[in-house]
Amino acid sequence: MAEPKTKYDRQIRIWGEQGQTALEKASICLLNCGPTGSEALKNLVLGGVGSITIIDGSKVEEGDLGNNFMVDESSIGQSKAKCVCAFLQELNDAVKAKFVEESPEALIEMNPSFFSQFTLVIATQLKEPSMLKLDKICRQADVMLVVARSYGLTGLVRISLKEHTVIESKPDHFLDDLRLNNPWPELKRFAESIDLSTTDPVVHKHIPYVIILVKMAEEWANAHNGSLPSTREEKREFKDLLKSKKIALDEDNYKEAIDASFKISTSRGISSNLRKIIDDSSAEVDSASSDFWVMVAALKEFILNEGDGEAPLEGAIPDMTSSTEFYVNLQKIYQAKAEEDSLAVESRVRDILKRVGRDPASISKGNIKSFCRNARKLMVCRYRPIEDEFNSPTLSELQKYLTDEDYSIAVGFYILLRAVDRFATNYNRFPGLFDGAVDEDISRLKTIAVGILSDLGCNGSTLTDDLINEMHRFGGAELHTVAAIIGGIASQEVIKLITKQFIPMSGTFIFNAIDHKSQLLGL
């Protein structure tokens, strides 16, 4: 068997060894192993999740061969859970795999405590009543839940848990933490030691742009009563000032300074998002508080004291045109400041843990360092119970979606996916299964959908006949191509939740295979 570091090399480059360790410790439960569930679990098994448990009480039928490549003709009549489990085990023998041949609905009803043993539950193809019960069970047990459903040419994914905190959110675009407009003493002294008016062309073209901007920002502030460029005209003048300092056309460091000049005009202090987090009521910690909120409490104290209104410095600097000596010295200054800030936060973490009666060493130095390095990018995600969303969605958002041409089909599928479940509860089958009842089924489905809209406060709203006809035409089919997309999205969100990296989706993800569109509904 390949060594884990070699086996999972490519994905470790994305979420690191810490993320991979979290995956390998995770225990996943899958409800229903049709194509949607099988596709989701396949991705997680290949990624090296610790253990899987498949719950499905059905037998493999001939129709399953057309949409689930994890079963074949020899599987017909056998336990579907057993066949899929065996296939997935072959994909990665390091994953512990087992199955329970039982109906998920029966398990939810008769043995709710069963789910408390898992890190996360993936519920696929569950009808609304069972899904709502499962959501309550998982929330009570603090087990993460990901709901996935594919139905004809549409599908949805929805995350449900009380709270999810993210330290390594890894946003696509985020300004470097360089403090160009608020340099600390060591950076100031280093900048003062470098002469921008040097006549040596080699030295002049290898001064790091960070130093150029720190010095020029100070020069500008001294000439403008302590203010930095703020208006468009002032920013243009500042760029012209930078250009005037060039002594040759090929000075890339000055080009970099001009391109990055907007950074000196960014606001000092912390972002509104970070302010919201440190002012959250959960930052008032006690012995039951999570490590995340203990570190947030320490961060708040740091910002008010040692940080002088700023978060801990990240300590990394980007690549830039520079001599090796200048770059290494600059790097050391940033790293030293980051280490100093991290030690200050660590001291406060230890004090808080002691105050609330916990072991002062219970949060590792490495975790505190990672927290400080990512302090500006922290995220807290909270999710409404699914039942709350179903009974009382944000009415203004729902009405906006219904009248917005870009969102009307997505919200239409959202309503119709609920409507087909009510149809199935009333008539013990999905609409469109029998050719002889086309008109009657369409009429019933439309009545149910209008009733749901009315119950939600959207009186007079309706859905297009074309969309209702399409939903009827699907006949409850689970198409492999749609299932593969929905399963892939679900597994991606599972990885975000388990590794606590990247930002998981908020709201309900709707996939529309007719128009090749996917949208998030925040209700």
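Annotations for the structure displayed:
- Euclidean distance of C-alpha centroids, segment 308-340 and segment 393-421, integer Å: 49
- Cα→Cβ-extended label distance, 7 Å offset, between Asn459 and Ala141, nm: 4.3
- Cubic angstrom per residue, convex hull over Cα atoms of segment 1-67: 110
- Here the translational diffusion coefficient of segment 252-353 follows from Stokes-Einstein with Rh set to the Kirkwood radius across Cα pairs; for 25 °C and 0.890 mPa s it amounts to 156 µm²/s.
- For Lys82, the lysines whose Cα falls under 16 Å of its own Cα, not counting residues fewer than eight places away in the same chain, are Lys42, Lys59, Lys96, Lys98.
- Gyration tensor (Cα) of segment 358-479, equivalent ellipsoid semi-axes in angstrom: 43, 18, 14
- Along the chain, counting only GluC sites (Glu not before Pro) with a DSSP assignment other than H, G, I, E or B and at most 11 other Cβ atoms inside a 10 Å radius, the longest segment between sites is 1-283.
- Label-to-label distance for Lys5 and Asn426 is 6.2 nm, based on points extended 7 Å past Cα in the beta-carbon direction.
- Panel values: segment 62-132, Kirkwood radius from alpha carbon pairs, Stokes-Einstein at 25 °C and 0.890 mPa s, translational diffusion coefficient 174 µm²/s.
- Alpha-carbon Debye profile of segment 1-116, log10 I(q)/I(0) at 0.16, 0.22 Å⁻¹: -0.76, -1.16
- Computed label-point distance, nm, for sites Leu241 and His224 using a 7 Å Cα→Cβ extension: 0.6
- In this entry, segment 150-247 is assigned a mean projected area of 13.0 nm², taken as a quarter of its C-alpha convex hull surface.
- Around Asp177: net Lys/Arg minus Asp/Glu count, Cβ-Cβ under 11 Å: +2
- Whole-percent carbon and sulfur share, accessible surface of the chain, 1.4 Å: 49
- Within the chain, the proportion of Cα pairs with more than 44 Å between them is 33 percent.
- Full-extension gain in nm, Ala316 to Val203, via 0.36 nm per residue minus C-alpha separation: 38.3 nm
- Order of exposure, largest accessible area first, which applies to Asp341, Asp515 with probe 1.4 Å: Asp515, Asp341
- If you count Lys pairs in segment 270-410 whose Cα atoms are under 22 Å apart, skipping same-chain pairs closer than 8 places in sequence, the total is 17.
- Measuring max minus min along each principal axis, the C-alpha atoms of segment 294-452 give extents of 81, 50, 29 Å (largest first).
- Gain in span if fully extended, Val380 to Leu196, counting 0.36 nm per residue against the direct Cα distance: 61.8 nm
The values are calculated or read from the model by the stated rules, or taken from the named source; none is laboratory data. This one's a predicted model, so the numbers in the text were calculated from it and none came from an experiment. Reconstructed Cβ throughout: ideal geometry from the backbone, glycine too, with neighbour counts over all protein chains shown. For the accessible areas, the whole protein counts, side chains as well, though only heavy atoms, and no ligand, DNA or RNA atoms are used. Shrake-Rupley method; radii C 1.70, N 1.55, O 1.52, S 1.80 Å.
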